[in-house]
Structures are given as C-alpha cells and as structure tokens.
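Asker: To start, I am sharing the structure in question, which I have written as structure tokens.
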Amino acid sequence: MEFKKRILCIGAGYVGGPTMAVIALKCPEYRIDVVDINQDRINAWNSDDLPIFEPGLFEIVKERRGKNLFFSTDTEENITKADIIFVSVNTPTKTFGEGAGMASDLQYWEATAHQIVKHAQSDKIIVEKSTLPVRTAEAMERILKMHSGNIKFEVVSNPEFLAEGTAISDLLEADRVLIGAHDTEEGNRASQEIADIYRHWLPEEKIITTNLWSSELSKLIANAFLAQRISSINSISALCEKTDADISEIAHAIGSDSRIGSKFLQTSVGFGGSCFKKDILNLVYISKSYGLYEVADYWESVVTMNEYQKSRFVRKIIKEMFNTVAGKKITLFGFAFKANTGDTRESPAIDITKSLLDENVRVTIHDPEAIENAKIDLKGIEKNITYETDPYRAAANSNAIIITTEWEQFKDLDYSKIYDSMEKPAFIFDGRNILDHRKLFSIGFNVYPIGKQQLTHFS
Ligand code: UDX
Ligand code: ADP
C-alpha cells in the first residue's frame with residue numbers, strides 16, 4: 001500500500017510507544033515506524049508481551065502492527081524515508097558534571113540529532129516529544145543546521161501530557177494538544193502539518209499553537225503546577241495530624257471551589273514518577289541559570305516538601321512502633337509510583353524501603369505489577385527483602401502493613417484474615433488513605449492514615 005506520509009518515532013518508550021500506536025490507529029493512511037536502540041524492547045513491541053503495561057494499548061498495537069505500525073531497530077533507513085521525525089528518547093536528570101541532579105542529560109538527544117543529520121536526504125520536520133529543558137529545540141536546530149547543506153529541518157515542539165495508566169485515554173480524549181513552532185512561514189507550515197495529524201480525532205479548539213519556547217516551557221510548568229498541588233495538600237496533611245482537622249474533608253471543601261477544582265488534591269506518601277521531580281528540578285536549574293534565584297527557590301520547595309512527606313511518614317512508622325523496628329517484619333502493599341502501572345521510577349516506596357532497611361527491618365514487598373522493577377531498584381541491598389506476589393502470604397507474620405500504592409484490589413482484601421495472620425499489636429499505615437479505617441480499627445488494627453486522626457487500641 002502507498003502511504004500518504006511517513007512518520008518516524010525515535011525512542012520506543014512510555015511516550016513514543018503509546019503515542020505512535022494511537023496515531024497509527026487514527027491515521028491509517030500514514031505509515032508509522034517506531035525505532036529504538038534497545039533490541040529487546042523492540043522484540044517486546046513485536047510480541048504479545050509489550051514492554052509497557054497500559055490499559056487499551058495492546059489492543060491498538062495488535063490491530064495496527066504490520067499494517068501501518070512497525071517496530072524495528074532500523075533507525076538509519078527510516079530516517080532517510082521519513083517526512084516527520086518524532087524524537088522521544090529518554091532525557092534523565094544528569095548524574096554528573098555541571099547541573100548534576102538537576103539539569104537534563106541530553107546526550108541521547110544530541111546523538112539522535114547527529115544521526116538525523118547524517119542520514120537525512122530530504123527536508124524534514126523534527127518533533128521534540130521528550131520533556132526537555134527550554135531552548136533545547138534551539139540546540140537541536142544548531143546541530144541540524146550546522147551540517148545540513150541543502151536539506152531543511154524545521155524543529156517543532158509537541159510535548160506529551162499523557163499520564164501513565166491512562167495514556168491511551170489521555171491521547172484519545174486529550175484536553176489539548178500543544179504545538180510550538182517558529183513564527184515564520186516554514187514554522188507555521190510545519191506546525192499545521194503536525195496539527196493535521198491530531199485533527200484526525202481531535203476538534204480544532206483542542207489544538208493550541210504557540211511559539212517554540214512557550215510550548216517547551218508549558219510542559220515543565222504543567223507538571224510543576226500539578227506537583228505543587230500535591231505538595232500543598234501534603235503539607236496540610238502534616239498540620240491535620242496535629243489538630244482535629246481531616247485532610248479529606250479539607251480537600252473536598254476547598255476542591256468544591258470551582259476556581260481551585262477537585263483534582264490532584266489526594267494526599268499521599270509523596271508523588272513519584274519519571275516526570276514531576278525531574279521537570280521541577282529542570283525548572284529550578286533554568287531559573288538559576290538566568291539569575292532568578294527566588295523563582296528557583298519557590299519551585300524547589302515543592303520537591304523539598306515531597307521529600308519531607310516521605311521521611312515524615314517513615315519517622316512516624318518508627319515512632320508509633322515504639323521506636324523499635326529492628327528485626328521486625330514490615331510489608332509494603334504497593335511498589336509502583338501509582339496504581340495501574342508497573343513503573344517504579346521515583347516511587348516513594350523506594351525511599352521508604354531504603355529507610356526501613358537502614359533500621360534493620362525485614363521488608364516484604366507485594367505489588368500486582370511492579371515486582372520485577374522493584375528488584376532492579378533494590379539490587380545490591382536485597383539481603384533483608386522478600387518479594388511476594390500473594391498479598392496474604394506477604395502480610396503473614398508481619399508487624400505492620402504499609403499502603404504505598406493505591407491499587408484498587410488492596411481495598412477488597414480480607415483484612416480479618418490478614419489480621420489473624422499478623423504479629424500483635426498489628427499496625428496499618430495507610431500512605432494513600434484508601435482503606436476503611438474504622439473497619440480496620442474494629443478488626444483490631446492500629447490504624448495510621450495520612451492527615452487524619454489515628455485509630456489505636458493503646459490507651
Ligand atoms: C504526570 C502528568 O500527570 C502527565 O501529564 C505528564 O505527562 C507526566 O507526568 P504521571 O507521572 O504518569 O503523569 O502520573 P500522575 O498521575 O500525574 O501522578 C504522579 C504522582 O503523583 C504519583 O506518584 C501519584 O500517586 C501522585 N499523586 C497524584 C498524588 O499523590 N496525589 C494526587 O492527587 C495525584
Ligand atoms: P520516556 O518515558 O520519555 O518515553 P523511556 O526511557 O521509556 O522514556 O524511553 C526512551 C527510549 O529511547 C528507550 O527505549 C531508549 O532505548 C531509547 N533511545 C535512547 N537513545 C536512542 C537512540 N539514539 N535511538 C533510538 N532509541 C533511543
């Protein structure tokens with residue numbers, strides 16, 4: 001079949017994979033190639049066992065794979081043939097040199113830019129899809145233009161707002177699509193060409209076009225604002241635990257104000273995920289690099305509050321268990337950074353586990369999807385860790401259970417049975433406030449929610 005256009009996506013990860021699957025579904029007249037340097041990952045995309053778990057993704061991949069959606073490691077040939085190249089390689093936080101711990105490590109991006117220049121034989125639109133520091137497009141352009149000869153590259157920013165676990169619905173029913181381009185004739189043309197892709201399934205008013213820098217910055221700011229809401233509610237959860245106020249009642253009361261809105265006000269043991277911390281630290285780094293120290297401090301406090309929430313939680317566990325946790329068994333229900341994903345990047349469960357291990361606790365980890373990733377995260381320090389796929393076996397003989405991820409199935413477990421199998425006194429620390437605390441208390445548990453009064457049998 002003759003395709004109307006060829007789209008290439010470099011990087012078959014959490015962003016590239018689902019995004020291209022949905023584009024392939026909605027634009028059957030386009031050929032979509034997704035490439036990666038990781039052969040195992042590509043093999044998985046070509047199998048029945050996809051490398052990432054996203055509700056609805058497998059059905060779409062199965063329908064389009066081999067028709068207009070192809071996964072391979074053949075980057076060079078696909079660069080030559082593509083009209084539009086999405087770049088969604090990873091951009092981890094730098095672990096070395098200038099900006100370590102804050103700035104993005106752009107080595108994969110730069111390598112991709114060089115690869116594109118080397119193999120391109122015709123004009124192309126390059127779409128920045130990974131989350132990147134502002135003005136990356138400029139650096140990309142510099143590399144592209146330096147060596148391009150007669151070939152023209154137009155760099156466009158099209159940030160992704162999908163959240164893990166809901167990636168497919170976030171793509172299909174997007175609140176908005178953002179496309180940033182230079183305000184030139186070529187820039188506007190490229191912007192419209194990218195908009196044409198999304199027009200296949202989204203109404204015009206959902207497609208926002210901006211200049212390049214606004215688009216890049218908007219992605220960071222969207223995540224910073226979302227994380228800020230969580231840190232704000234978490235900060236108040238600490239105050240609630242000292243007073244008679246209840247964080248759920250407060251969240252409901254303030255969220256009913258339509259100016260504030262009810263979403264992202266769920267208190268927790270802290271936010272995780274690959275984006276929030278990374279993007280905020282990026283924003284902090286950029287602000288500092290322009291000498292805007294107050295701006296940098298303001299945003300950095302969102303991350304500081306998140307770290308505080310995690311350490312506060314662990315301190316509370318230790319204190320409430322009579323300051324003697326050494327040798328005790330504590331079971332984590334959940335290791336993923338949120339429900340409905342196996343992803344554990346920046347999961348609060350990692351820090352909690354490490355802090356408990358420092359106290360010589362025997363830690364058991366149960367999670368429906370994330371055990372394999374947990375094993376990778378905790379490699380080298382697994383001496384006192386047990387992994388358990390069955391929640392009842394995980395809880396048996398424990399002194400305490402900690403809810404670290406808000407999996408639905410944790411709500412429906414038989415907690416009487418669990419209580420009977422545990423050491424006494426039995427503790428539950430609900431780091432997500434998902435359980436029925438009164439019921440647990442009546443079973444016999446000592447219950448410690450977040451931002452609410454604890455229910456204990458101690459006088
Ligand atoms: C986020 C953004 O939502 C998404 O738009 C962006 O593209 C990538 O980053 P994601 O990291 O997948 O998506 O997850 P999200 O649902 O935003 O949750 C992030 C973290 O915040 C999780 O650890 C979650 O448990 C926590 N969270 C979320 C809370 O603690 N309370 C809330 O009310 C909401
Ligand atoms: P994200 O969450 O941003 O999608 P991931 O780490 O899930 O990040 O995916 C990024 C993917 O990009 C990885 O599978 C990685 O192997 C791939 N990658 C990195 N550099 C290149 C490159 N030069 N060519 C092709 N793929 C690359």
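Asker: Among the numbered criteria (1) more than 15 Å from ligand 2 (Cβ to nearest atom); (2) exposed (fewer than 14 other Cβ atoms within 10 Å of the Cβ), which one does G187 miss?
Answerer: Only one criterion in (1) more than 15 Å from ligand 2 (Cβ to nearest atom); (2) exposed (fewer than 14 other Cβ atoms within 10 Å of the Cβ) is unmet by G187, namely (2).
Asker: So which residues in the range 341-366 are among the polar types (S, T, N, Q), more than 18 Å from Q309 (Cβ to Cβ) and more than 16 Å from ligand 2 (Cβ to nearest atom)?
Answerer: N360, T364
Asker: While we're here: So, in the range 217-243, of the ones that are assigned to a helix (DSSP H, G or I) and among the hydroxyl-bearing types (S, T, Y), which residue ends up nearest to ligand 2 (Cβ to nearest atom)? Please lay out each step first, then the result.
Answerer: Quick first cut of the range 217-243, residues assigned to a helix (DSSP H, G or I) only: 217-242.
Subsequent filtering for residues that are among the hydroxyl-bearing types (S, T, Y) retains 218, 231-232, 235, 237.
On the way: S218: 17, S231: 22, S232: 26, S235: 28, S237: 29 Å.
Here the residue is S218.
Asker: Just to be sure I understand, how many residues within the range 6-40 are part of a loop (DSSP other than H, G, I, E, B) and within 21 Å of the chain's Cα centre (by Cα)?
Answerer: Kept after step one, since they are part of a loop (DSSP other than H, G, I, E, B), are these residues of the range 6-40: 11-15, 27-29, 36-38.
From what's left, within 21 Å of the chain's Cα centre (by Cα): 11-15, 36, 38.
Looking only at that region, the number is 7.
Asker: Pairs please, first residue from the range 437-452 and in a helix (DSSP H, G or I), second anywhere and modelled with pLDDT of 95 or more and not hydrophobic (A, V, I, L, M, F, W, C), Cβ atoms under 7 Å, 6+ apart in sequence or on different chains.
Answerer: Pairs found: H437/D430; H437/P449; L440/Y415; I443/Y415; I443/S416; I443/Y419.
Residues are listed down the side, and each one gets a yes or a no for (1) at pLDDT below 95; (2) within 11 Å of ligand 2 (Cβ to nearest atom); (3) not β-branched (V, I, T):
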residue	(1), (2), (3)
L57	no, no, yes
R65	no, no, yes
T75	no, yes, no
P92	yes, yes, yes
G97	yes, no, yes
A100	yes, no, yes
Q115	yes, yes, yes
A120	yes, no, yes
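Asker: In the range 333-346, is there at least one residue being hydroxyl-bearing (S, T, Y) and over 20 Å from I450 (Cβ atoms)? Before you say what the answer is, go through the steps one by one.
Answerer: First, the residues of the range 333-346 that are hydroxyl-bearing (S, T, Y): 341, 344.
Those left that are additionally over 20 Å from I450 (Cβ atoms): 341, 344.
Among the residues of the range 333-346, at least one is hydroxyl-bearing (S, T, Y) and over 20 Å from I450 (Cβ atoms), which makes the answer yes.
Asker: Another question about this same structure. Is it true that P92 is farther than 27 Å from K288 by Cα and assigned by TED's automatic domain parsing to the domain that holds A24?
Answerer: Numbers: farther than 27 Å from K288 by Cα: no; assigned by TED's automatic domain parsing to the domain that holds A24: yes.
Considered against the rule, which asks whether it is farther than 27 Å from K288 by Cα and assigned by TED's automatic domain parsing to the domain that holds A24, P92 comes out as no.
Asker: From E128, E186, E154, E160, grab the single residue that is closer than 26 Å to V284 by Cβ, among the acidic types (D, E) and in contact with a strand residue (DSSP E or B) (Cβ under 8 Å, 6 or more places away or on another chain).
Answerer: Working: E186 fails: closer than 26 Å to V284 by Cβ; E154 fails: closer than 26 Å to V284 by Cβ; E160 fails: in contact with a strand residue (DSSP E or B) (Cβ under 8 Å, 6 or more places away or on another chain).
Among E128, E186, E154, E160, only E128 is closer than 26 Å to V284 by Cβ, among the acidic types (D, E) and in contact with a strand residue (DSSP E or B) (Cβ under 8 Å, 6 or more places away or on another chain).
Asker: What number of residues within the range 22-40 satisfy the criterion of being under 20 Å from I125 (Cβ atoms), surrounded by 16 or more Cβ atoms within 10 Å (Cβ to Cβ) and either more than 9 Å from ligand 2 (Cβ to nearest atom) or at pLDDT below 95 (or both)? Quick ask: steps written out before the conclusion?
Answerer: Within the range 22-40, the first condition is being under 20 Å from I125 (Cβ atoms), and the residues that meet it are 22-24, 26-27, 29-35.
Next, only the ones that are surrounded by 16 or more Cβ atoms within 10 Å (Cβ to Cβ) stay: 22-24, 26-27, 30-35.
Those still in the list that are either more than 9 Å from ligand 2 (Cβ to nearest atom) or at pLDDT below 95 (or both) too: 22-24, 26-27, 30-34.
Here the count works out to 10.
Asker: Moving to a separate point now. Do we find that F161 is within 16 Å of ligand 1 (Cβ to nearest atom), touching a residue at least 12 places away in the same chain (Cβ under 8 Å) and not small (G, A, S) in this structure?
Answerer: Working: within 16 Å of ligand 1 (Cβ to nearest atom): yes; touching a residue at least 12 places away in the same chain (Cβ under 8 Å): yes; not small (G, A, S): yes.
Yes; evaluated as a whole, the condition is true for this residue.
Asker: Across the range 217-234, which residue is farthest from ligand 1 (Cβ to nearest atom) among those that are more than 17 Å from G273 (Cβ to Cβ) and crowded, with 17+ Cβ neighbours inside 10 Å? Steps first, please.
Answerer: Narrowing the range 217-234 to residues more than 17 Å from G273 (Cβ to Cβ): 217-218, 232.
Narrowing the set further to residues that are crowded, with 17+ Cβ neighbours inside 10 Å leaves 217-218.
Details: L217: 14, S218: 11 Å.
Going through the qualifying residues, I end up with L217.
Asker: Does the range 371-389 contain at least one residue that is within 16 Å of ligand 1 (Cβ to nearest atom) and not polar (S, T, N, Q)?
Answerer: yes
Asker: Look at the range 152-181 and say how many of its residues are more than 16 Å from ligand 2 (Cβ to nearest atom) and surrounded by fewer than 19 Cβ atoms within 10 Å (Cβ to Cβ). I'd like the intermediate steps shown before the answer.
Answerer: Within the range 152-181, the subset more than 16 Å from ligand 2 (Cβ to nearest atom) is 152-156, 169, 172-181.
From what's left, surrounded by fewer than 19 Cβ atoms within 10 Å (Cβ to Cβ): 152, 169, 172-176.
Qualifying residue count for the region: 7.
Asker: Which number in (1) outside any loop (DSSP other than H, G, I, E, B); (2) within 14 Å of ligand 2 (Cβ to nearest atom); (3) within 24 Å of W109 (Cβ to Cβ) marks the one condition that N43 misses?
Answerer: Here N43 clears every test but (3).
Asker: I'd like to check something: does the range 203-211 contain any residue that is assigned to a helix (DSSP H, G or I), hydroxyl-bearing (S, T, Y) and away from ligand 2 (no atom under 16 Å from the Cβ)?
Answerer: No.
Asker: Here's a follow-up. Of the numbered conditions (1) assigned to a helix (DSSP H, G or I); (2) touching a Leu at 6+ places or on another chain (Cβ under 9 Å); (3) closer than 28 Å to E98 by Cα; (4) within 11 Å of ligand 1 (Cβ to nearest atom), F271 satisfies every one except a single condition; which is it?
Answerer: Only one criterion is unmet by F271, namely (1).
Asker: Among the residues of the range 190-202 satisfying the criterion of being assigned to a loop (DSSP other than H, G, I, E, B) and touching a helix residue (DSSP H, G or I) at 6+ places or on another chain (Cβ under 8 Å), which is surrounded by the most Cβ atoms within 10 Å (Cβ to Cβ)? Let's see the steps before the verdict.
Answerer: The initial filter retains those residues of the range 190-202 that are assigned to a loop (DSSP other than H, G, I, E, B), namely 200-202.
If we keep only those that are touching a helix residue (DSSP H, G or I) at 6+ places or on another chain (Cβ under 8 Å) as well, we get 200-201.
Working: H200: 14, W201: 16.
Filtering the range 190-202 for residues that are assigned to a loop (DSSP other than H, G, I, E, B) and touching a helix residue (DSSP H, G or I) at 6+ places or on another chain (Cβ under 8 Å), the one surrounded by the most Cβ atoms within 10 Å (Cβ to Cβ) comes out as W201.
Asker: Here is a further query. Of a type in the set (S, T, Y), within 28 Å of I280 (Cβ to Cβ) and in the same structural domain as R315 (by TED's automatic domain parsing): which single residue out of T386, T405, T364 fits that description?
Answerer: Working: T386 fails: within 28 Å of I280 (Cβ to Cβ); T364 fails: within 28 Å of I280 (Cβ to Cβ).
When all the criteria are applied, what remains is T405.
Asker: In the range 263-305, what residues are away from ligand 2 (no atom under 16 Å from the Cβ) and more than 16 Å from Q228 (Cβ to Cβ)?
Answerer: V269, Y285, I286, K288, S289, Y290, G291, L292, Y293
Asker: Of all residues in the range 335-358, which are small (G, A, S) and under 18 Å from the mean Cα position of the chain (by Cα)? Explain how you work it out, then say what you get.
Answerer: Initial filter on the range 335-358 (small (G, A, S)): 336, 339, 342, 347, 349, 355.
Selection gives A336, A339, G342, S347, A349.
Asker: Tell me which residues, restricted to the range 145-170, are under 15 Å from the mean Cα position of the chain (by Cα), among the aliphatic types (A, V, I, L, M) and under 18 Å from S130 (Cβ atoms).
Answerer: Residues of the range 145-170 under 15 Å from the mean Cα position of the chain (by Cα): 159-168, 170.
So of that shortlist, the ones also among the aliphatic types (A, V, I, L, M) come out as 162-163, 167-168.
Once the filter is applied, which keeps residues that are under 15 Å from the mean Cα position of the chain (by Cα), among the aliphatic types (A, V, I, L, M) and under 18 Å from S130 (Cβ atoms), the range 145-170 yields L162, A163, A167.
The values are calculated or read from the model by the stated rules, or taken from the named source; none is laboratory data. Keep in mind the model is a prediction, meaning the values are calculated, not measured. Positions of Cβ are backbone-derived with ideal geometry, glycine not excepted, and every protein chain shown enters the neighbour counts.
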